[in-house]
Amino acid sequence: MRLSRLGDELLARYVARGSERAFAVLYERYHQQLYRYCRSILRDDSDAQDALQSTFAGALQALRRSQRNAPLRPWLFRIAHNEAISLLRRRSRDSGEELRAESLGVGLSVEQEAAGRERWRSLVEDLG
């Protein structure tokens with residue numbers, strides 16, 4: 001049987017029953033889209049790869065425990081979103097002092113100020 005021809009929901013059921021091949025098909029089907037989505041949020045390749053890996057690890061565990069409560073595709077994107085936001089929070093918590101000084105505009109070089117403005121502009125564009 002060619003698993004790649006099956007729909008998402010049937011593949012998810014096979015994964016729940018322990019099929020690694022079905023999970024591999026889902027990975028191939030969605031990893032590029034989910035990576036690009038994480039990359040658009042995180043703006044960093046390495047962080048996007050980390051979020052993608054965590055997304056699929058979490059999805060596999062949840063599918064095997066039958067803990068999915070939504071159609072597969074939006075469910076995967078929600079997991080990826082949550083993973084990316086968690087990484088952003090961790091990143092800002094780890095560099096909290098720098099962010100506070102940056103937001104106050106105290107002790108920043110012209111280059112740092114310009115980079116901060118560019119990040120804000122990019123964020124506003126993304127939200128728009």
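For the criterion of being under 30 Å from Ala115 (Cα atoms) and open to solvent by 50 Å² or more (accessible area, probe 1.4 Å), Arg90 passes. Condition test on Ser19, is it of a type in the set (Ser, Thr, Tyr) and surrounded by fewer than 12 Cβ atoms within 10 Å (Cβ to Cβ)? Judged against the criteria, Ser19 is not a match.
Could you list all residues from segment 1-50 that are without any contact (Cβ under 8 Å) to a residue 60 or more places away in the chain and touching a Pro at 6+ places or on another chain (Cβ under 8 Å)? Correct list: empty.
Of Arg93, Arg68, all but one fail to be in a loop (DSSP other than H, G, I, E, B), basic (Lys, Arg), under 20 Å from the mean Cα position of the chain (by Cα) and at pLDDT below 95; the exception is Arg68. Considering the conditions (1) surrounded by 12 or more Cβ atoms within 10 Å (Cβ to Cβ); (2) modelled with pLDDT of 95 or more, Leu108 is excluded by exactly one of them, (2). Inside segment 8-40, can you point out the residues that are of a type in the set (Val, Ile, Thr) and either at positive phi or in contact with a Phe, Trp or Tyr (Cβ under 7 Å, 6 or more places away or on another chain) (or both)? Of everything in segment 8-40, just one residue is of a type in the set (Val, Ile, Thr) and either at positive phi or in contact with a Phe, Trp or Tyr (Cβ under 7 Å, 6 or more places away or on another chain) (or both), namely Val15. Is it the case that Ser86 is in a helix (DSSP H, G or I), farther than 25 Å from Trp120 by Cα and at pLDDT below 95? Judged against the criteria, Ser86 is not a match.
For Ala80, the test of being out of contact with any strand residue (DSSP E or B) (no Cβ under 9 Å at 6 or more places or on another chain), part of a loop (DSSP other than H, G, I, E, B) and either more than 29 Å from Val124 (Cα to Cα) or open to solvent by less than 70 Å² (accessible area, probe 1.4 Å) (or both) is failed. Residues in segment 36-70 that are over 28 Å from Leu123 (Cα atoms) and open to solvent by 80 Å² or more (accessible area, probe 1.4 Å): 6 in all.
Among the residues of segment 20-32, is there at least one that is in a helix (DSSP H, G or I), modelled with pLDDT of 95 or more, touching a helix residue (DSSP H, G or I) at 6+ places or on another chain (Cβ under 8 Å) and closer than 29 Å to Arg119 by Cα? Yes: segment 20-32 contains one or more residues that are in a helix (DSSP H, G or I), modelled with pLDDT of 95 or more, touching a helix residue (DSSP H, G or I) at 6+ places or on another chain (Cβ under 8 Å) and closer than 29 Å to Arg119 by Cα.
The values are calculated or read from the model by the stated rules, or taken from the named source; none is laboratory data. These figures come from a predicted structure and were not determined experimentally. Please note: Cβ atoms are built from the backbone with ideal geometry, for glycine as well, and neighbour counts cover all protein chains shown. All accessible areas refer to the heavy atoms of the entire protein, side chains included, with ligands and DNA or RNA removed. Shrake-Rupley method; radii C 1.70, N 1.55, O 1.52, S 1.80 Å.
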